[in-house]
Amino acid sequence: MKKVPIIEVEPGQIVARPVAASSGMVMVQPGAVLTAEIIGRLLNLGVDTVWLEGAASDAKSIEVVLQEL
């Protein structure tokens, strides 16, 4: 799971946490597959970031972290 700027989100990615408006109303539920239309609406509503599933591929392994110490 990774927090991603909305401008970097692509259709087909899966939401990991609820996306809520400033009022607290949930606009997109976890598990929803994002489409170009949904991404556009979120941009228009001023959403800055979205938590996505499976987006942590750039995370370092424990071995790499230990080597960097």
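A short reminder: the numbers here are calculations on the coordinates, not readings from a lab. Just so we're clear, the structure is a prediction, and the values are computed from it rather than from any experiment. Every residue, glycine as well, gets a Cβ built from its backbone with ideal geometry; the counts of neighbours run over all protein chains shown.
Quick rundown of the values:
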| item | result |
| --- | --- |
| Spacing of the two label points (7 Å from each Cα toward its C-beta) at residue 26 and residue 49, in nm | 2.1 nm |
| Amide H partners (placed H, <5 Å) of residue 51, local residues excluded | 4, 16, 17 |
| Difference of contour (0.36 nm per residue) and Cα-Cα distance, residue 35 to residue 2 | 10.1 nm |
| Net charge of neighbours whose Cβ lies under 15 Å from the Cβ of residue 6, counting Lys and Arg as +1 and Asp and Glu as -1 | 0 |
| More than 16 angstrom apart: percent of Cα pairs within segment 1-54 | 28 percent |
